[in-house]
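The values are calculated or read from the model by the stated rules, or taken from the named source; none is laboratory data. Source: prediction; values computed, not measured. With ideal geometry, Cβ positions are generated from the backbone for all residues, glycine too; neighbour counts draw on all protein chains shown. To get the accessible areas, we keep the full protein, side chains included, count just its heavy atoms, and leave off ligands, DNA and RNA. Shrake-Rupley method; radii C 1.70, N 1.55, O 1.52, S 1.80 Å.
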Amino acid sequence: MSRGHFIALEGGEGAGKSTQARLLADALRNREIEVVTTREPGGTAGAEAIRSLLLDGVAGDGGESWNPRAEALLFAAARSDHVHRLIRPALARGAWVICDRYLDSSRAYQGGGSGLSDADLLELHRIGSEDLLPDLTLLLDVSPDVAMERLARRDSGGADRIGGRSAAYHARVAEGFLRFAQAEPARFSRVDGDGDAQATHALVLTAVAPLLT
Ligand code: TYD
């Protein structure tokens, strides 16, 4: 049986990753491909429990929650469980895995945003997930104005602990993603996400086409 393919969608807040994950999964399923859609942090019961610790914080912590190193370790722990229980088994049986965020989010947020070194984050990934990388990482490029407008619609109830960080933090995150995409052009494909969902989906399909042959 052929090995499945692992595709991650990355980008800042409001980039449209979850919509594109859904559209891509539908398109692949129409080709009779088994697809597992999942997200990070999360995707397994354990990782979803860690997600709420990360994004909602912990009662009684005075709003402070995790220091940057503890935060990076929690993301790596959630990812380890996700890779071990869900992603590797799915790939092993020949399914495709489409994941809304993965390792490059840790590199961009905990690295670019919070200042941890890329080497440390890669080391956590080696320990936690034995270096498993996506075959293709789709970086959805969205201009700040478009992202802000989408977020205003989506997050009317308020952003989570990380989404609510400063504009300067999110600018460093965006720079990080671009740097990683430039450094690894074979693993990344940049997709213009400013258009409507169907226009972006067409670009996603073009980027994924080489994996379908
Ligand atoms: P989520 O609502 O799933 O993301 P989005 O805003 O893209 O819909 O929230 C996940 C948050 O966690 C988001 O702010 C990015 C952040 N994050 C990290 O900081 N590091 C990571 O490794 C991952 C996977 C996510």
Considering residues that are surrounded by fewer than 21 Cβ atoms within 10 Å (Cβ to Cβ) and hydrophobic (A, V, I, L, M, F, W, C), the number found within the range 1-34 is 5
Query raised in the report: Is it the case that some residue within the range 176-190 is of a type in the set (S, T, N, Q), touching a residue at least 12 places away in the same chain (Cβ under 8 Å) and either part of a loop (DSSP other than H, G, I, E, B) or closer than 30 Å to D56 by Cβ (or both)?
Result: no
S166 vs (1) within 26 Å of E71 (Cβ to Cβ); (2) more than 16 Å from the ligand (Cβ to nearest atom); (3) among the polar types (S, T, N, Q): all pass except (2)
Exactly one of S106, S117 is polar (S, T, N, Q) and open to solvent by 20 Å² or more (accessible area, probe 1.4 Å), and that residue is S117
**Prompt:** Is it the case that some residue within the range 68-78 is modelled with pLDDT of 95 or more, within 11 Å of the ligand (Cβ to nearest atom) and in contact with a strand residue (DSSP E or B) (Cβ under 7 Å, 6 or more places away or on another chain)?
**Reply:** no
Over the range 194-213, the set of residues under 12 Å from H5 (Cα atoms), of a type in the set (A, V, I, L, M) and open to solvent by 50 Å² or more (accessible area, probe 1.4 Å) is L212
message = surrounded by 14 or more Cβ atoms within 10 Å (Cβ to Cβ), at pLDDT below 95 and part of a helix (DSSP H, G or I): is that true of V83 in this structure?
response = no
Right, R153: of a type in the set (K, R), open to solvent by 80 Å² or more (accessible area, probe 1.4 Å) and either within 30 Å of A92 (Cβ to Cβ) or not in a helix (DSSP H, G or I) (or both) or not?
no
When every residue in the range 86-100 that is part of a helix (DSSP H, G or I) and open to solvent by 20 Å² or more (accessible area, probe 1.4 Å) is compared, the one nearest to the ligand (Cβ to nearest atom) is L86
With the first residue restricted to the range 91-106 and required to be touching a residue at least 60 places away in the same chain (Cβ under 8 Å), and the second required to be within 8 Å of the ligand (Cβ to nearest atom) and not in a loop (DSSP other than H, G, I, E, B), Cβ contacts under 6 Å at 6 or more apart or on different chains are D100/K17; D100/S18; D100/R39
Picked from the range 32-45 (must be within 30 Å of L73 (Cβ to Cβ) and charged (D, E, K, R)), the residue nearest to the ligand (Cβ to nearest atom) is E40
Residue pairs qualifying under the 6 Å Cβ cut-off, at least six apart or on distinct chains, with the first in the range 5-31 being more than 13 Å from T200 (Cα to Cα) and within 16 Å of the ligand (Cβ to nearest atom) and the second being open to solvent by 40 Å² or more (accessible area, probe 1.4 Å) and assigned to a loop (DSSP other than H, G, I, E, B), are F6/D135
